[in-house]
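K.L.:
Submitted below is the structure of interest, expressed as structure tokens.
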Amino acid sequence: MTTILRDWSYQYQWFYDTVSALAAVSVGGEKRFRKLFLKDLQINPEAKVLDLCCGAGQATQELVKHFSNVTGLDASPIAIKRAKQNVPQAEYVEAFAEKMPFSDRSFDLVITSTAMHEMEPEQLQQIIQEVYRILTLEGQFIIIDFHRPTNPLFWLPIATFLWLFETETAWQLLKTDLQQLLSKTGFKVESCQLYAGGSLQVLRSRKVL
């Protein structure tokens, strides 16, 4: 079940940006939210970086400030068009995350921000396997997405947001143990930092097998 607000967020960039800004208030604002992946990140500025499910390039815009070789991937031609306009410094590929057109060990770092909750469980597993395939040995995978709140006070806000703007897959992600999925695929989970009363997670892992 979806509401018309979700449809608007896809059709109108200004509406999506407004919703994103409001949602980011709980972590100190959108500017801080876009930099969460940088905390404790130690990697060469020349590293090859993939913004997975890049959307209109919100995270890509931050990535190009720190890395010289950034690629954005998204299945939506509309999103790719917007990303090219917003962040022309990056390269872009229109493709599904479950079957990426990259050779093995193509990237040193893969980041996905608030996109995995859009995926069905089978898709999610396929995407994690694909990320493992395209990462170099010791390459890093960072997931930023929803998490089951640890603070009861945040249940109402997150439930309201999911009901208005998301689908059943977002609720499924709250029940999903991403750390277990990553470990089964061959990643070493290095940290899981929680924000906004535990309703947002920054999960860092590394390809080690």
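The values are calculated or read from the model by the stated rules, or taken from the named source; none is laboratory data. Computed from a predicted structure; not experimentally measured. Here Cβ is always computed from backbone atoms with ideal geometry, including for glycine, and neighbour counts include all displayed protein chains. Side chains included, ligands, DNA and RNA excluded: accessible areas come from the protein's heavy atoms. Shrake-Rupley method; radii C 1.70, N 1.55, O 1.52, S 1.80 Å.
K.L.:
Kirkwood Rh, the stretch 137-179, all Cα pairs: how many Å?
P.N.:
Computed over Cα pairs of the stretch 137-179, the Kirkwood hydrodynamic radius comes out at 11.9 Å.
K.L.:
Shifting gears a bit: For N44, project a label point 7 Å along Cα to C-beta. Then give me every residue of the stretch 93-116 with its amide nitrogen under 16 Å of that point.
P.N.:
105-110
K.L.:
Could you work out what % of the accessible surface of the stretch 58-160 is carbon and sulfur, using a 1.4 angstrom probe and leaving DNA, RNA and ligands out of the count?
P.N.:
Roughly 52 percent, rounded to a whole number.
K.L.:
Long-range amide H contacts for G139: which residues qualify at under 5 Å (H placed 1.01 Å from N, peptide plane, sequence gap of 5 or more or a different chain)?
P.N.:
K207
K.L.:
Please name which of G197, L162, G186 has its Cα lying farthest along the dipole of the stretch 107-209 towards the positive end, using unit charges on Cβ (Lys, Arg +1; Asp, Glu -1) and the Cα centre as origin.
P.N.:
Farthest along the dipole direction, towards plus: G186.
K.L.:
Can you divide the C-alpha Rg of the stretch 53-98 by 2.2 N^0.38 Å and report the result to two decimal places?
P.N.:
Rg over 2.2 N^0.38 Å, computed on Cα atoms: 1.00.
K.L.:
Enumerate the amide H contacts of L50 below 5 Å, restricted to partners 5 or more residues apart or on another chain; note that Pro and chain-start residues carry no placed amide H.
P.N.:
T71, L109, V110, I111
K.L.:
Continuing with this model, one more query. Once you wrap a convex hull around the alpha carbon atoms of the stretch 86-160, what is its projected area averaged over all directions, in nm²?
P.N.:
7.1
K.L.:
Right, next: Charges only on Cβ, +1 for Lys and Arg, -1 for Asp and Glu: so what's the dipole of the chain about the Cα centre, in debye to the nearest 20?
P.N.:
The dipole of the chain has a size of about 460 debye.
K.L.:
Let me ask another. For the pair T167/R133, report the inter-label distance in nm, with labels modelled 7 Å from Cα in the Cβ direction.
P.N.:
For T167 paired with R133, the spin-label model returns 2.3 nm.
K.L.:
If you find the alpha carbon centre of the stretch 43-89 and of the stretch 92-159, how far apart are they in angstrom?
P.N.:
Between the Cα centre of the stretch 43-89 and that of the stretch 92-159, the gap is 15 Å.
K.L.:
Hey, any idea what Rg/Rh is for the chain, computing Rh the Kirkwood way over Cα pairs?
P.N.:
On the Cα set of the chain, Rg over Rh gives 0.93.
K.L.:
Another one. Using a 1.4 Å probe, what is the accessible area per residue for the chain, in Å²?
P.N.:
Heavy-atom SASA per residue in the chain reads 51 Å².
K.L.:
How much space per residue, in cubic angstrom, does the convex hull of the C-alpha atoms of the stretch 125-209 take up?
P.N.:
Working: hull volume 7.2 nm³, N = 85.
Measuring per residue, one finds 85 Å³ for the Cα hull of the stretch 125-209.
K.L.:
Determine the percent antiparallel among the DSSP beta bridges restricted to the stretch 81-209, to the nearest 5. The partial results should precede the final answer.
P.N.:
On the way: 15 of 21 bridges.
Taking every DSSP beta bridge with both residues in the stretch 81-209, the antiparallel ones total about 70 percent.
K.L.:
For every helix of n ≥ 4 consecutive DSSP H residues, a contribution of -39,500 (n - 2.57) applies; sum these over the chain, divide by its total residues, and give [θ] at 222 nm rounded to the nearest 500 deg cm²/dmol. Kindly include the intermediate steps, with their values, before the conclusion.
P.N.:
Working: 9 runs with 80 residues, N = 209.
Computed mean residue ellipticity for the chain: -10500 deg cm²/dmol.
K.L.:
Any idea what the dipole of the stretch 131-209 comes to, in debye rounded to 20, about its Cα centre with Lys/Arg Cβ at +1 and Asp/Glu Cβ at -1? Intermediate values should be presented prior to the final figure.
P.N.:
Numbers: 8 positive and 6 negative charges, 62 e Å.
Charge dipole of the stretch 131-209: 300 debye, to the nearest 20.
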